[in-house]
Amino acid sequence: MTQIIKINENDIKNQDIEKLKKCAESLKKGNLVIFPTETVYGIGASALDEKAAKKIFIAKGRPNDNPLIVHVSSIQMINDICYDINNIEQKIIDTFFPGPITLILKRKNIIPDYVTASLDTVGIRMPENKIAQKLIELANIPVAAPSANISGKPSGTLIDDIIDEFDTKVDYIIDGGISKIGVESTVVKVIDNVVNILRPGKISP
């Protein structure tokens, strides 16, 4: 049975941290947790656990050749899962992380092929939403999290969009209110020292 937890991002109390710890433990055990970000809600699983990642594809009805974006809570976490970050990529990280942007980087083998659709790169995002940040920090693992919607349907920006589709499919849904931005993150990749926008979003060229 899915448990719904309501948390005010602007007033995270000690009891909220205890609730988030339970969600973080669930992630570490290979379960799914839906959580708010500043863009849209995400359906998350451990990015280090192939079986957990497969649950995302099943829950969303998502083709498994569509790679997942991996969410992190620190620069150290990026360095743990990515390598060979060049100066331009580092400048993007320094300027826009945390925020509504996803950067494609070379991935280490610690990230399973299933998460990246067997690509040698992975999309990395550090959300600025405080609930998302704290959840990932408490789990102490990178979290693979595409948008919380059935594939082909609009991305969820509040739990009323989500609950009917994912009730019983996930362990927890964290209700953090309506998403501030409401569109998915800008996705960028540096190719031959040129920044290419692969998906438009809040952060413009």
Exercise. Expressed as a whole percentage, what fraction of the accessible surface of the chain belongs to carbon and sulfur atoms when a 1.4 Å probe is rolled over the protein heavy atoms?
Worked result: 48
Exercise. Amide H to amide H under 5 Å from Gly44: which residues, 5+ apart in sequence or cross-chain, H placed 1.01 Å off N in plane?
Worked result: Val33, Ile34, Phe35
Problem set entry | Dipole-positive endmost among Gln15, Gly176, Leu27 within the chain (Cβ charges, Cα centre) | Leu27
Problem set entry | Relative contact order (percent, whole number), the chain, Cα cutoff 8 Å, 6+ residue spacing | 33
Problem set entry | Theoretical FRET efficiency, 1/(1+(r/R0)^6), r = Cβ-Cβ of Lys91 and Lys180, R0 35 Å, to 0.05 | 0.90
Exercise. Whose amide H sits under 5 Å from the amide H of Cys82, counting only residues 5 or more places off or on another chain, with H placed in the peptide plane?
Worked result: Lys108
Problem set entry | Residue-normalised accessible area of the range 110-205, expressed per residue, 1.4 Å probe, Å² | 48
Exercise. Quick one: of the DSSP bridges fully inside the chain, what percent are antiparallel, nearest 5?
Worked result: 60
For this session: May I ask you to order 57-64, 104-111, 128-135 by the average number of other C-beta atoms within 10 Å around their residues, highest value first?
Result: 128-135, 104-111, 57-64
For this session: Give me the distance in nm between label points sitting 7 Å out from Cα along the Cα-to-Cβ direction at Lys21 and Asp113, one decimal.
Result: 3.9
Exercise. Lys169 versus Ile197, label points 7 Å from Cα toward the beta carbon: distance in nm?
Worked result: 3.0
Exercise. Between Ser74 and Asp120, what is the FRET efficiency for a Förster distance of 30 Å, r being their Cβ-Cβ separation, to the nearest 0.05?
Worked result: 0.85
Exercise. Rolling a 1.4 angstrom probe over the protein heavy atoms, how many square angstrom per residue are accessible across the range 1-41?
Worked result: 51
Exercise. Per 10 Å bin, what percent of the C-alpha pairs of the range 1-53 does each bin hold, from zero upward?
Worked result: 22, 52, 24, 2
Exercise. Can you list, largest first and rounded to whole Å, the semi-axes you get for the chain by taking the square root of 5 times each eigenvalue of its Cα gyration tensor?
Worked result: 25, 18, 17
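The values are calculated or read from the model by the stated rules, or taken from the named source; none is laboratory data. Given the structure is predicted, the values throughout are model-derived calculations rather than measurements. Glycine also receives a Cβ, built like all others from the backbone with ideal geometry; neighbour counts cover every protein chain displayed. Calculation scope for accessible area: heavy atoms of the full protein, side chains included, ligands and nucleic acids excluded. Shrake-Rupley method; radii C 1.70, N 1.55, O 1.52, S 1.80 Å.
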